[in-house]
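*Asks:* Have a look at this one.
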Amino acid sequence: MRYPSALVSSLVIFFLAAPAALAQVSDDVVRIGVLNDQSSLYADAGGPGSVVAARMAVEDAGGSVLGKPVEIVFADHQNKADIGATIARQWFEVGKVDMAIGFDNSAVALAVEQLAAEKNRIAIAGAVGSTAFTGKACTPTEASWIYDSYALTTSLAKSIVAEGRDTWFFITVDYAFGHSLEADATAAVQAAGGKVLGSVRHPLNTSDFSSYLLQAQASGAKVVAFANGGGDMVNATKQANEFGLTKTQTMVSLLVTIADVHSMELKAAQGLKFVTAFYWDRNEETRAWSKRFFERQGRMPTMGQAAVYSAVRHYLLAIAAAGTDEAKAVMAKMREIPVNDFYARNGHLREDGRMVHDMYFAEVKKPSESSKPWDYDKILGVIPGDQAFRPLAESGCPLVAH
């Protein structure tokens, strides 16, 4: 089985290192595969930038682990679960890839996590919103490093309803990610005493949102919530401004990245409130790493790209601690070792695969508030990890003892 060469490229980084006497590394190489959208609506959020971040993590680890070289491969799944699954199967069965990371698409992530478990490989989700990944579909060899729809929506929705904006209408991308976003946001709105007046679903990668926006406008809802991301969210927000919805209704995006704000520019994005896992200008550590990333990529990193670095770094630390790249042994060490880097402080990996860490309330600045390039967000508050993510007992993961 072959996947198109246009979709796949690879980088192999070899460093001379003394072999570890008892190291057990399959094939004498640790192989990591970055699988994501390299060319379409989610490419700015992850895409080539996530490959850069993975390379940086490998280089910062010295290019090797247990005296063995680390290889990074990457591929474009085109936001299609069947293509993603085909590539992952090829990687696991023929390419001897030990860990796949990224995905940035819930349908692809759900398919790959099952394949990884079947082949005793590790699957780490970056920007994946479906709560099923660490819930009913959880496996012993997966982890989710950034957010899920619960973390993105629950605190945000409760806060907005508390401000009196208590009637909502959803414009939702029609696949697992959007469905999960809408379901969790709906539960949060209703729990806070608000009402959902309606919703409409659109295909992935939609260019014309006019009919959906007109339905939202006609609903009379105080809040129009975009349960989508990437290019879809950017297009929907721009067109909402053009249609004049922002004059009478509040636009809320349930997923915003710095790449989205950069695409929209501050004039269109200003005032958007959202929840994020990372912002490049939050402290000295985030600035230092982000400037290194910028030197390579020419743009500041998204939370998805920062998370890929963090997860690859933690994975390599776990291999070193386990003395092997065998999936279950590595996962045990990943759960045992706290996550401490510029991305997360005292993060920890739960048995359902959720990496628990602080999230942040943020708001897009007005143009007059921005003082330098990429100065887009202001952090309004911190959501502690144990509040940001659903409780373990409610995860629905069949591996969790009750």
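The values are calculated or read from the model by the stated rules, or taken from the named source; none is laboratory data. Since this is a predicted model, take the numbers as computed values, not measurements. With ideal geometry, Cβ positions are generated from the backbone for all residues, glycine too; neighbour counts draw on all protein chains shown.
*Asks:* Any chance you could count how many residues in the stretch 345-354 are on the phi < 0 side of the Ramachandran plot, outside any strand (DSSP E or B) and in contact (Cβ under 8 Å) with a residue 40 or more places away in the chain? Don't jump to the end; show me each part of the working.
*Replies:* Taking the stretch 345-354 first, the residues on the phi < 0 side of the Ramachandran plot are 345, 347-352, 354.
Checking which are outside any strand (DSSP E or B) leaves us with 345, 350-352.
Retained after the next criterion (residues that are in contact (Cβ under 8 Å) with a residue 40 or more places away in the chain): 350-352.
Of the residues in the stretch 345-354, 3 are on the phi < 0 side of the Ramachandran plot, outside any strand (DSSP E or B) and in contact (Cβ under 8 Å) with a residue 40 or more places away in the chain.
*Asks:* Out of the stretch 217-248, which residues are more than 28 Å from the chain's Cα centre (by Cα) and within 19 Å of residue 162 (Cα to Cα)?
*Replies:* Here is the first cut: in the stretch 217-248, the residues more than 28 Å from the chain's Cα centre (by Cα) are 217-222, 242-245, 247-248.
Correct list: 220, 221, 222, 248.
*Asks:* Mind checking which residues of the stretch 355-395 are out of contact with any helix residue (DSSP H, G or I) (no Cβ under 7 Å at 6 or more places or on another chain), among the small types (Gly, Ala, Ser), at pLDDT 95 or above and in a loop (DSSP other than H, G, I, E, B)?
*Replies:* Once the filter is applied, which keeps residues that are out of contact with any helix residue (DSSP H, G or I) (no Cβ under 7 Å at 6 or more places or on another chain), among the small types (Gly, Ala, Ser), at pLDDT 95 or above and in a loop (DSSP other than H, G, I, E, B), the stretch 355-395 yields only 371.
*Asks:* Say whether the condition of being modelled with pLDDT under 90, under 13 Å from residue 97 (Cα atoms) and of a type in the set (A, V, I, L, M) is met by at least one residue in the stretch 12-29.
*Replies:* yes
*Asks:* Has the stretch 308-325 got at least one residue that is assigned to a helix (DSSP H, G or I), without any contact (Cβ under 8 Å) to a residue 12 or more places away in the chain and surrounded by 18 or more Cβ atoms within 10 Å (Cβ to Cβ)?
*Replies:* We begin by selecting, within the stretch 308-325, every residue assigned to a helix (DSSP H, G or I); these are 308-322.
With the extra rule that they be without any contact (Cβ under 8 Å) to a residue 12 or more places away in the chain, the set shrinks to 322.
Restricting the remaining residues to those that are surrounded by 18 or more Cβ atoms within 10 Å (Cβ to Cβ) gives 322.
Yes: the stretch 308-325 contains one or more residues that are assigned to a helix (DSSP H, G or I), without any contact (Cβ under 8 Å) to a residue 12 or more places away in the chain and surrounded by 18 or more Cβ atoms within 10 Å (Cβ to Cβ).
*Asks:* For the list (1) closer than 20 Å to residue 352 by Cβ; (2) in contact with a helix residue (DSSP H, G or I) (Cβ under 8 Å, 6 or more places away or on another chain); (3) not hydroxyl-bearing (Ser, Thr, Tyr), I need the number of the one condition that residue 118 fails.
*Replies:* (2)
*Asks:* In addition: Scan the stretch 129-144 and report the pairs whose first residue is more than 18 Å from residue 330 (Cα to Cα) and in the same structural domain as residue 117 (by TED's automatic domain parsing) and whose second residue is assigned to a strand (DSSP E or B) and of a type in the set (A, V, I, L, M), with Cβ atoms within less than 7 Å and a gap of 6+ or a chain change.
*Replies:* Within 7 Å, the pairs are 133/125.
*Asks:* Right, something else. Quick one: in the stretch 93-122, of everything that is of a type in the set (A, V, I, L, M) and either in a strand (DSSP E or B) or at positive phi (or both), which residue is surrounded by the fewest Cβ atoms within 10 Å (Cβ to Cβ)?
*Replies:* Only one residue tops the list, namely 99.
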